[in-house]
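Below is one structure, written out as structure tokens, with a few remarks after it.
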Amino acid sequence: MSLEKFLSSLHSNTDDSKPPDWEVDWDDAPLTYKLYRSLPVISLSPEIPLSLYRHESPPNPDLTTIGHLLWYVYGVSRISQFPAYNARDYTAAPVQMYRRFVPSGGGLYPNELYIYLKIEEAPTGVYHYDAAHHRLELLREANFDSYLTRALGNRSDVTGCFATVFVSVMFWKNFYKYHNFAYRLQGLDSGVLIGQMLEVAGRFGYESSVYFQFLDRAVNHLLGVSDQEESVYAVIPLSAEHMKSQFRDEANGEWEGSAVDLCRELPAVWHEHYVRSRTIKEYPMLTRMNEAAMQDSAGSFGHPSAVRPVESGVQVAYMPLVDHLTHDLASICQKRYSPESDFVLRKVTQSDVAALFQEATASLTHDDDLLGPNENAASRLSLYCCLYHVEGIPDGAYRYDSSAHLMRRVAPGDHRPRLQSGMSIDNVNLFQVPICVHVVGDRDYHKSALGLRGYRIQQMEAGMLVQRLLLAASAIGMGGRPLLGFNPAICDDLYRLNEQGKTSLIQIPIGPYRQRPRLEAGLHS
């Protein structure tokens, strides 16, 4: 199968992404976190702050602060136990899961976090964040400013940054359950994690930027990970001071070396780690896609062109002006909930919808290496939605216009039956959902500018927007459930996206809910 056809099937026909006889070996599942062995470790403080408001001035980036930041981004935050129904023998048994503040497909958490740290309390070097034990594990000790600057194509000077975070993907961690569909999930999960990183870093007062393009082999070599097992998807420098964007600073020029040249500068390292699975099956399509998406020189970096959405519909619903939500991030992270059969159709106001979309699109102002002059990520992604029983807005399908803060109606009426018919698994009753959001992007994932790497970048950007939607929903007392088990062709037809060369990437029902029976406890001091 060609790689282009593989990506097309991931989107249009998810049933083709795994063999019909695929069986999940639940007893041989991998751990949801990577465990290194025999490495120097630095324990992080378990005394986590119970509230997280925006700092007017950033705190000193010491080990305590770094620990708080990493825990709120990707720490194991709580344990949850709930009854699960077994359709084969009509019984219910308790299921226990360790949760984090970010959602993940199947609760498998395929990502890992690494950090290049430069603070007085710890040796300068590259560390792995051990989420299971809330500690740092030292992989390499040295100053890598020059190496990392060149690995980023000489587009940013990391000398002034106290840390640089690497978001990686371990292929097996969700391939064991989802087979090739894991490739799509891994991009979305990475984006959700990046979105949480930007949100938490901002609460601490730190500046950040996102690099989707870099010399993959050089970065993987720095961390000592094998690209047949794991690969970095994003690099995020953090600074306690104003970070001047250098993405488009032509004075620096692109570094003309290659990933191979950089790798020769550092000796190879390999550290033993434990994944628990006794048998790890091959995943050739994932490694082929990873290889095809790699960038070996700065000359391969691209910039997609901004595309204005086609205005459709004559009726608009003006959104009321609402103040930006000033909330405790720790509280809304703890309250964030992903309902399934728990949605309850209750009154939702126009102000609720205005606050939800306003907060979600605020995340599109982040700084990344894809942006051209005077652009933001809104030029690459759009938010569409189907609204039902929202006070002050007629039922219908809409596109949210963030620049004018209004809803442009595409099709009037109640579209819940149509959306419900497109669900591949009836785990959510959309007739109980007042707001069903769809993140929309270019059908060709900017392939002409970014190649096959454009697909995973698009999925990451969609994941970043999803996380912001979920946090905004939690802040106004609602829950959201990200879904990939839907028929995008139905949504594309409903929103008339085909004529624009766009498609629906993910579906997020949002609304009031009731808690299902469960036992849950936080894992912090």
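In degrees from 0 to 90, rounded to the nearest 10, what is the angle of the helix 453-475 Cα long axis to the longest principal axis of the chain?
60
Picking from Met197, Leu39, Leu483, whose Cα lies most toward the positive end of the charge dipole for the chain (charges on Cβ: Lys, Arg +1; Asp, Glu -1)?
Selected residue: Leu483.
Classify the stretch 468-524: rounded, prolate or oblate, from the alpha-carbon gyration tensor (a ≥ b ≥ c, eigenvalue square roots; a/c under 1.5 rounded; otherwise prolate if a/b is larger than b/c)? Provide the component values of the computation, followed by the final result.
Numbers: a/c = 2.92, a/b = 2.62, b/c = 1.11.
Note, shape of the stretch 468-524 comes out prolate.
At 0.36 nm per residue, and after removing the present C-alpha to C-alpha distance, how many nm does the segment from Thr124 to His303 gain when stretched out fully?
61.1 nm
With only alpha-carbon atoms counted, please give the Rg and Dmax of the stretch 154-301, in Å.
In Å, with Rg to one decimal and Dmax whole: 16.5, 52.
Obtain the nm distance between the two label points defined at Ser424 and Asp296 by a simple spin-label model: each point lies 7 Å from its Cα along the Cα-to-C-beta direction.
3.4
Using only the C-alpha atoms of the stretch 411-525, find the volume of their convex hull and express it per residue in Å³.
So the per-residue Cα hull volume is 149 Å³.
Kindly give the semi-axes, whole Å and largest first, of the ellipsoid equivalent to the stretch 344-441, taking each as the square root of 5 times a Cα gyration tensor eigenvalue.
Each semi-axis is the square root of five times an eigenvalue, giving 27, 16, 12 Å.
Need the full-extension length gain, Ser146 to His324, defined as separation in residues times 0.36 nm minus the C-alpha distance. One decimal, nm. The partial results should precede the final answer.
Details: separation 178, 0.36 × 178 = 64.08 nm, distance 3.97 nm.
Taking 0.36 nm per residue and subtracting the Cα distance, the gain is 60.1 nm.
Across the stretch 99-106, in residue order, what do the Karplus-derived ³J(HN,Hα) couplings come to in whole Hz, using 6.51 cos²θ - 1.76 cosθ + 1.60 with θ = phi - 60° and x for Gly and Pro?
With the stated coefficients, the stretch 99-106 comes to 10, 10, 6, 9, x, 8, x, x Hz.
With a 10 Å radius around each residue's Cβ, average the other Cβ atoms per peptide and rank 186-197, 403-414, highest first.
Result, highest mean Cβ count within 10 Å first: 186-197, 403-414.
Suppose each label sits 7 Å from its Cα in the direction of the beta carbon; what would the Ala404-His242 distance come out to in nanometres?
3.5
Based on the inverse mean of 1/r over its pairs of different Cα atoms, what is the Kirkwood hydrodynamic radius of the stretch 100-168, in Å?
It works out to 13.4 Å.
In whole angstrom, note down how far apart the Cα centers of the stretch 481-525 and the stretch 438-461 are.
19
Tilt of helix 284-293 relative to the longest C-alpha principal axis of the chain, in degrees (0 to 90, nearest 10)?
In the chain, helix 284-293 runs at an angle near 80 degrees to the longest axis.
Among 265-274, 284-293, how do they line up from the highest to the lowest mean number of other beta-carbon atoms within 10 Å?
284-293, 265-274
Checking the cross-link filter: which aspartates and glutamates have an alpha carbon closer than 15 Å to that of Lys347, excluding same-chain neighbours under 8 positions apart?
In chain and number order, the partners are Glu391, Asp395.
How many times 2.2 N^0.38 Å is the alpha carbon radius of gyration of the stretch 435-489?
For the stretch 435-489, the normalised Cα radius of gyration is 1.32.
Between Asp414 and Leu266, 0.36 nm times their residue separation minus their Cα-Cα distance comes to what?
47.3 nm
Distance in nm between label sites at Ile490 and Ser448, each 7 Å beyond Cα in the beta-carbon direction?
Rounded to a tenth, the inter-label distance reads 3.3 nm.
Compute the helix-to-body angle for 3-12: its Cα long axis versus the longest principal axis of the chain, expressed 0 to 90° and rounded to tens.
So the helix axis and the longest Cα principal axis differ by about 40 degrees.
So which of Lys118/Lys173; Lys447/Lys502; Lys173/Lys281; Lys281/Lys447 end up more than 23 Å apart by C-alpha?
Violating the 23 Å limit, Cα to Cα: Lys118/Lys173; Lys281/Lys447.
List the pair-distance distribution P(r) of the stretch 23-172, using every Cα-Cα distance, as the percent of pairs falling in each 10 Å bin from 0 up to the bin containing the longest distance, rounded to whole percents.
Using 10 Å bins, I get a P(r) of 9, 32, 32, 17, 7, 3, 0 for the stretch 23-172.
Could you bin all the Cα-Cα distances of the stretch 174-243 into 10 Å bins starting at 0 and give me the percent of pairs in each, rounded to whole numbers?
It works out to 18, 39, 34, 8, 1, in whole percents.
Please give the calculated 222 nm ellipticity per residue for the chain, where each DSSP H segment of at least 4 residues contributes -39500 (n - 2.57) and the sum is spread over every residue; nearest 500 deg cm²/dmol?
-8000 deg cm²/dmol
So, by mean Cβ neighbours within 10 angstrom, what's the order for 71-77, 434-440 with the highest one leading?
The peptides rank, most packed first, as 434-440, 71-77.
Given that compact globular proteins tend to follow 2.2 N^0.38 Å, what is the ratio of the alpha-carbon Rg of the chain to that value?
Here the Cα radius of gyration is 0.94 times the empirical estimate.
Just so you know, all these numbers are worked out from the coordinates, no wet-lab data involved. Quick caveat, the model's predicted, so the values are computed rather than measured. Cβ: placed from backbone, ideal geometry, glycine included. Neighbour counts: every protein chain shown.
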